[in-house]
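Single-structure report; data block below.
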Ligand code: LLP
C-alpha cells in the first residue's frame, strides 16, 4: 500500500504532483510519503498491541532525521549499527533505552558512546567483542547490557548478500558457541545479560525461516534457564519482505501471529527490528531522462540518477518498478534504464518494457524508501540527492541536495606536495 498514484495522468505523492517538487528541488530526488509511513507503522504495531514488545526501527534502511523523529514520535526505538546511527537516533529524540546496537565491528569509541547513552542492549556478535565491551564498561564504571546474537543456521531463502543467519555468514554466534558465551558473560563483572537476539536475513517472503529460528532460540533459552540465566528480551530482528514486483510476502499481521505463536508464553519482552517493511514502499526516487541512445543491440534510456543514488539494482540485481511521471499510453519498447556513471554495472533496470520515453521525461523508481538514500555515495563526484517528505497537500525538503562545496569540504591540499 502506498500513496503514489496518477491523478489526471500525472503521478502524485499524496496530493502533490511530483513535477511540482521537481521544479523546486531539481532531479534526481527521493520522495517519501508520511501517510504511508504512518500506515506501515500502524500495520506493524496493531497486531502487537497487548504484547509486551518494542519495535526498534532498523536505521540502516532509512536514517533521515525527519523520518527518525517521526518514528520517535510514534514510540518506535532504533536498531543502530554504528556511532553515526546512534548519534542520529539520539538527535531524533529516540531514548537510549529504546536503542539496540547490532553489528560485527563495533569500535571502542562506539561502545563507549552506547554505554553512556544507556542503550537497551548490545547484540554481541563475537567472543572478543564481549570481552571488549566488558573492558570498556569497566573503564566507565558501568555495567553493559548485552544479548548474544545467535546465528541459528537457517536459510532465509533470500539474496545471498542479505542472508545473515547461515553458518557461512559473518553474523552472530552459533548455538553452541552462544551457550558458551552466555556462561562466560555471566561471570563478567561489567556485563549484565539481558536478552537473546537473532536476525536471519532481509526481504524474506515466507514466515517459515522465522519460525525455525524462533524454535532454535527457544531451545537455547530453556538451556540458559537450566543454568540459572534469566532473560528479559527476545529480539527477533527484522527481515520481513515487501512487494517490489510480484513477491507476496506475509502481511505484518500474519507475520506477527506466526512468530508470536511460535514464541509462546515465554514471559519475555519481544523486540522487533523492521526496516524495509516500514519504509520501503513509502519512498521513491524521481529521475529525469537525459538521452535516448540507440545501439545496434539495445535502446538505452540515460537518466540523471545512477548507482550513486540507488545501488540496489547494481549490487543485488534488485528489481524496482519504473513509472513515467506523466502517464503514457500507446507504444512500448524494451530498454535498459542506465545512469550517468562510468560503470557498465550502473543501471536501474535492464530489458524493461516501458512506454516510449524522450529527453526530459521524468521517471519514478518505485519502492526506493529502504536502502536507497542510505546506500547513496558520492561516486563520480556526484552530490547526493535531496530528500522530500510529503504529507497530504504539503511537502517539506528534509535534506537539501549536496553542493559541490559539500563534496570537497574537509579535503585539504598540503602545500609541500606542490613545492
Ligand atoms: N536487524 C539487523 C541486525 C539487520 O542486519 C537488518 C538488515 C535489519 C534488522 C533490518 O532488516 P529489514 O527489516 O530491513 O529486512 N541493503 C540490502 C539490505 C541489507 C539488510 C541488512 N540488515 C538491500 O538493499 O536489500
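Below are the figures for this structure:
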| item | result |
| --- | --- |
| Approximate spin-label separation residue 407-residue 46, in nm, with each point projected 7 Å along Cα-to-Cβ | 4.6 |
| Extension gain (nm, one decimal) between residue 104 and residue 381, 0.36 nm per residue minus Cα-Cα | 96.7 nm |
| Spacing of the two label points (7 Å from each Cα toward its C-beta) at residue 169 and residue 69, in nm | 3.4 |
| Rounded tilt (10° steps) of 252-263 against the dominant C-alpha axis of the chain | 20 |
| Set of region 315-338 residues, backbone N closer than 14 Å to the point 7 Å along the Cα-Cβ line of residue 300 | 335-338 |
| Stokes-Einstein D for region 34-276, Kirkwood Rh over Cα pairs, 37 °C, 0.692 mPa s (µm²/s) | 183 |
| Burial ordering of 384, 143, fewest other beta-carbon atoms within 10 Å first | 143, 384 |
| Beta bridges by DSSP in the chain, antiparallel share as percent, to the nearest 5 | 50 |
| Net length gained if the chain between residue 418 and residue 292 were fully extended (0.36 nm per residue, minus Cα distance) | 41.1 nm |
| Ordering of 112-123, 183-194, 395-406 by burial proxy (mean other Cβ atoms within 10 Å per residue, highest first) | 112-123, 183-194, 395-406 |
| Selected from 181, 294, 54 as most flexible by GNM, with the chain as the system and alpha-carbon contacts under 10 Å | 294 |
| Residues residue 358 and residue 24, FRET efficiency given R0 of 22 Å [Cβ-Cβ distance, rounded to 0.05] | 0.45 |
| Footprinting exposure proxy for 57, 210 (fewest neighbouring C-beta atoms within 10 Å first) | 210, 57 |
| Residues of region 65-106 with amide N under 19 Å of the 7 Å Cα→Cβ point at residue 260 | 75-77 |
| Centre separation in Å (Cα based) which lies between region 105-121 and region 125-140 | 10 |
| Hydrodynamic radius by Kirkwood, which averages 1/r over all alpha carbon pairs of region 266-324, in angstrom | 14.8 |
| For region 34-276: relative contact order, % (alpha-carbon pairs under 8 angstrom, 6 or more apart) | 20 |
| Prolate/oblate/rounded label for region 115-252 (Cα gyration tensor, a/c 1.5) | prolate |
| Highest to lowest packing among 4-10, 170-176, scored as the average C-beta count within 10 Å | 170-176, 4-10 |
| Region 34-276: antiparallel DSSP beta bridges as a percent of all, rounded to 5 | 5 |
| Contour minus Cα-Cα distance for residue 225 and residue 208 (0.36 nm per residue) | 3.5 nm |
| Convex hull of Cα atoms in the chain, direction-averaged projection (nm²) | 23.7 |
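Only the coordinates and a few stated rules stand behind these numbers; no lab work does. A quick note: this is a predicted structure, and the numbers were derived from the prediction, not measured. We place every Cβ from the backbone using ideal geometry, glycine too, and count neighbours over all the protein chains shown.
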